[in-house]
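Visitor: One structure, as structure tokens, below. Some questions next.
The values are calculated or read from the model by the stated rules, or taken from the named source; none is laboratory data. Everything numeric here is computed off the predicted structure, so don't read it as measured data. Quick reminder, even Gly has a Cβ in these numbers, built from the backbone with ideal geometry, and neighbours come from all protein chains shown. Surface areas here come from the heavy atoms of the whole protein model, side chains and all, with no ligands, DNA or RNA. Shrake-Rupley method; radii C 1.70, N 1.55, O 1.52, S 1.80 Å.
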Amino acid sequence: MKFTDEQHEIINSSGNIKINAVAGSGKTTTIIEYAKARPKNARILYLAFNKSVKTEAIKKFSDKGLRNVTVETAHSLAYRHIVYNNNYKIRAQGYKSHEIAEILGLRIAGEKHGEHIAANHIIKFISYFCNSYKNKVNELNYREVVSDAAAQIFVTRHYDYIETQTRKLLSKMNSGEIEVTHDFYLKKFQLSDPVLNFDYILFDEGQDASSAMLDIFLKQEAVKVIVGDTHQQIYGWRYAVNSLEKTDFKTFMLTKSFRFSQEIADLAMDILKLKSLISEYNPVSVKGSSVPMDVKVHAILGRTNLGLLLKAIETVTENKKLKSLYFEGNINSYTYADEGASLYDVLNLHNGKRKLIRDKLVRQMKDIKELQDYIEKTGDSQFGMLVDIVKKYGNDIPGIIKTIKDKHVDNDEKEKAEIIFSTVHRCKGMEYDVVHIVNDFITEDKLEKLSDDSKGDALSLSRLNEEINLLYVAVTRAKNVIYIPETLISKNFPQSPHIKLLKNESKKYCKDSNDSSGRNSKISERNNNSFEKAYSVDSIRRYHKAAYRPWTEKLDDELTVMYCEGKIIKEISEHFGRTEGAIRSRIEKLDLERIYSGS
């Protein structure tokens, strides 16, 4: 195989290095050749990002006859050193809020469902600590990573209690009193200051490393190699850090992509230029290749679960001839919140069918309004997405989801699917012949406005940077052709056989339906221009400056006046800087429809 000059420099390098590799630039091939060029008796550790990458890497190194390379993930190393030695039992799916509330016997006076809200923050605080390099919980300030206004108020009010209970739960895990989480045993591994007996350590996907794992890596005596792409960091919400920027190793670049054409490379660079709106930006060179125009696999990629699910609903309802589809990851995960509540639990709460609700937390809610109050005070974006879907589709949901599942093929038949659906996080490392981008990513106009609003706020600017990265990762999954809404790229960006611009993707794609009370819900009207917005709570907070801020008496009076004047929901939403769903919820809470309709 003929290697580029950049690859040759890496293969022949010495000492600690870091490799900044653009999408599709053959970083795995380069790392394998780097390992192959080391002494035969050298002990080499390759740290893979996750289990699937580990499995693939084992095969690739084995095929090259590299028996001196050990392939592990951070967690597999930690498991062997910590779980085995302490006889811990693993809580594979983590804990739910109601379980934490029961284990700790939480009590929050004066707050409806306060114990569950506190439990939600305790779970997040533990994740924040376990992914950090700090030795003690009180060395961190959890408030710094809470940005939702209502959640910030709650956390500030009860901070000492939340911190104390966080330490208490960690202590219970440490003693083996309760099952431990994956985050916990990785953290304990880091705190044990392990010595990894290798001559070389190759750390892949370094742009999304946890601070805990980076701390372990940097303390080793081995020659260290970090591989990644600065612009593919998309796990900041899980407290990941970009290790390529945290180390002063000699830098090497891989700028030539073997995946896509120069036209797609130009699009990728165009998207990365958006970073100049946030801070100083050094332009990145991405070089494309001559690729055959094979079109076999079509993929639809979304920013959020909700945006993707909405696009899937549109696709199956409009394309009656579609026979097969596939969702990357478990299809059911797209209809469940992180804590286990399902879309159907929220729908049953919406319909007042409490006996059908399986999730314990949702079952304790009186109605959707109480659930929304919980969402506001926890910033739980997964729950927020489920509520949004229920409000948009109501009782059409079971039939629509059944249609999608009926067309879904098994994992071993993925290549037979006519269309593959995936969020960006789930398709990391994947590639497809043709990619269609859902219009739920950040736009230049929104980015410019939010950047101005976030001056001096490092956390907000970091999240905006990651929003750009998400779009960059999405477009660089394409091998041949990419369909992208024109609102997501620079004005006058040229079309080509490889780049297809979508002029107006948003449609009224769902028929009107009746809700459980028999009232016409006009779903299609609500969905107009739906893909011009992001549907996660996190995204809503960015795009709607006042979203989830507490309502005041003055604001309620203002809303009442506008409602009585007959203003439409969209106009009221724009006036208050909140989502249309938030306006409808407030109208319901104030009972304005009953009071002013004369009924």
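Visitor: Measure off, as a whole percent, the carbon and sulfur share of the 1.4 Å-probe accessible area of the stretch 72-135, all protein chains present. Display every interim value, and only then the final one.
Guide: Values: 1370 of 2920 Å².
Looking at the stretch 72-135 in its full context, I get 47 percent from C and S.
Visitor: Per-residue ellipticity at 222 nm for the chain, helices alone: DSSP H runs ≥ 4 residues times -39500 (n - 2.57), over residue total, nearest 500 deg cm²/dmol?
Guide: Details: 26 runs with 255 residues, N = 599.
Counting only the DSSP helices, I get -12500 deg cm²/dmol.
Visitor: Hull surface divided by four, with the convex hull built on the Cα atoms of the stretch 349-453: how many nm²?
Guide: Working: hull surface 41.4 nm².
For the stretch 349-453, averaging the hull's shadow over all directions gives 10.4 nm².
Visitor: Roughly how many debye, to the nearest 20, is the charge dipole of the stretch 424-466 about its Cα centre, given +1 on each Lys and Arg Cβ, -1 on each Asp and Glu Cβ, and no other charges? Write down the numbers at each step before the final one.
Guide: On the way: 6 positive and 10 negative charges, 41 e Å.
Taking the Cα centre of the stretch 424-466 as origin, the dipole is about 200 debye.
Visitor: Shifting gears a bit: Taking a 1.4 Å probe, which of 137, 561 shows the most accessible area, and what order do the others take after it? Walk me through the numbers on the way to the answer.
Guide: Numbers: 137 10, 561 80 Å².
I get 561, 137, largest accessible area first.
Visitor: Could you give me D for the stretch 19-106, from Stokes-Einstein at 25 °C and 0.890 mPa s, where the hydrodynamic radius is the Kirkwood radius over C-alpha pairs? Units µm² s⁻¹, please. Walk me through the numbers on the way to the answer.
Guide: Working: Rh = 15.9 Å.
Answer, rounded: 154 µm²/s.
Visitor: Quick one: angle between helix 159-175 and the longest Cα principal axis of the chain, in degrees between 0 and 90, rounded to 10, please.
Guide: 50
Visitor: Looking at the stretch 272-347, which GluC sites (Glu not before Pro) are in a loop (DSSP not H, G, I, E or B) and have at most 10 other Cβ atoms within 10 Å?
Guide: On the way: sites: 280, 314, 318, 328, 339; in loops: 280, 328, 339.
When the GluC sites (Glu not before Pro) of the stretch 272-347 are filtered for loop state and at most 10 Cβ neighbours within 10 Å, 280 remain.
Visitor: Report the Cα centroid-to-centroid distance between the stretch 328-391 and the stretch 81-130 in angstrom, as an integer.
Guide: 19
Visitor: Mind listing the long-range amide H neighbours of residue 210? Cut-off is under 5 Å, sequence gap 5 or more, other chains count too, H placed in the peptide plane at 1.01 Å from N.
Guide: 241
Visitor: Using the Cα centre as the reference, give the magnitude of the dipole from point charges on the C-beta atoms of the stretch 1-149 (Lys, Arg: +1; Asp, Glu: -1; all else neutral), rounded to the nearest 20 debye.
Guide: Details: 23 positive and 14 negative charges, 136 e Å.
Approximately 660 debye in magnitude.
Visitor: Moving to a separate point now. Loop-only check: which chymotrypsin sites (Phe, Trp or Tyr not before Pro) in the stretch 238-339 are DSSP coil with at most 12 other Cβ within 10 angstrom? Don't jump to the answer; show the numbers that get you there.
Guide: On the way: sites: 239, 249, 252, 258, 260, 281, 326, 327, 334, 336; in loops: 239, 249, 258, 260, 281.
Answer in residue order: no site qualifies.
Visitor: Against the globular-protein guess of 2.2 N^0.38 Å, express the Cα radius of gyration of the stretch 378-509 as a ratio, rounded to two decimals.
Guide: Values: Rg = 17.4 Å, N = 132, 2.2 N^0.38 = 14.1 Å.
The value comes to 1.24.
Visitor: Right, here's the next one. Just how much of residue 386 is accessible, in Å², when a 1.4 Å probe is used and the result is rounded to the nearest 10?
Guide: Estimated to the nearest 10 Å², residue 386 gives 10 Å².
Visitor: In the chain, what % of DSSP beta bridges are antiparallel (nearest 5)? Show your work: numbers first, answer last.
Guide: Numbers: 4 of 49 bridges.
Beta bridges within the chain, antiparallel portion: roughly 10 percent.
Visitor: Also, quick follow-up: Around residue 83, with a cut-off of 11 angstrom between Cβ atoms, what is the net charge of the other residues, counting Lys and Arg +1 and Asp and Glu -1?
Guide: With Lys, Arg at +1 and Asp, Glu at -1, the net is +2.
Visitor: Test of understanding: express the Cα radius of gyration of the chain as a ratio to 2.2 N^0.38 Å, with N the residue count.
Guide: Working: Rg = 25.0 Å, N = 599, 2.2 N^0.38 = 25.0 Å.
Compactness ratio reported: 1.00.
Visitor: Report ³J(HN,Hα) in whole Hz for each residue of the stretch 416-433, in order, from the Karplus equation J = 6.51 cos²θ - 1.76 cosθ + 1.60 where θ = phi - 60°; Gly and Pro get x.
Guide: 8, 5, 6, 9, 10, 10, 7, 7, 5, 4, 7, 9, 3, x, 8, 8, 9, 5
Visitor: Something else now. For residue 482, which sequence-distant residues (separation of 5 or more, or a different chain) have an amide H within less than 5 Å of its own amide H, given hydrogens modelled in the peptide plane?
Guide: 435, 499, 500
Visitor: Once the dipole of the chain is set up with Lys and Arg at +1 and Asp and Glu at -1 on Cβ about the Cα centre, which of 207, 581, 182 lies farthest towards its positive end?
Guide: 182
Visitor: Using Cα atoms only, what is the angle between the long axis of helix 182-191 and the major principal axis of the chain, expressed in degrees (0 to 90) to the nearest 10?
Guide: The angle comes out at about 50 degrees.
Visitor: Please list, by residue number, every one of the GluC sites (Glu not before Pro) in the stretch 127-190 that is coil in DSSP and has at most 12 other beta-carbon atoms within 10 Å. The partial results should precede the final answer.
Guide: Values: sites: 139, 144, 163, 177, 179; in loops: 177, 179.
Those that pass, being in a loop and sparsely packed, are 177.
Visitor: Another question, if that's okay. If you plug each phi of the stretch 298-314 into the Karplus form 6.51 cos²θ - 1.76 cosθ + 1.60 with θ = phi - 60°, what whole-Hz ³J(HN,Hα) values come out, in order, with x for Gly and Pro?
Guide: Using θ = phi - 60°, the values come out as 9, 10, 10, 10, x, 6, 10, 4, 5, x, 5, 5, 4, 5, 5, 4, 4 Hz.
Visitor: Follow-up question, since we're still on this one. If you take the Cα Rg of the stretch 70-212 and divide it by 2.2 N^0.38 Å, with N the number of residues, what do you get? Write out the running numbers ahead of the final one.
Guide: Working: Rg = 16.5 Å, N = 143, 2.2 N^0.38 = 14.5 Å.
In units of the globular-protein estimate, the stretch 70-212 measures up at 1.14.
Visitor: Can you tell me the orientation of helix 381-393 relative to the chain, as the angle in degrees between its alpha-carbon axis and the longest Cα principal axis, to the nearest 10?
Guide: The angle comes out near 50 degrees.
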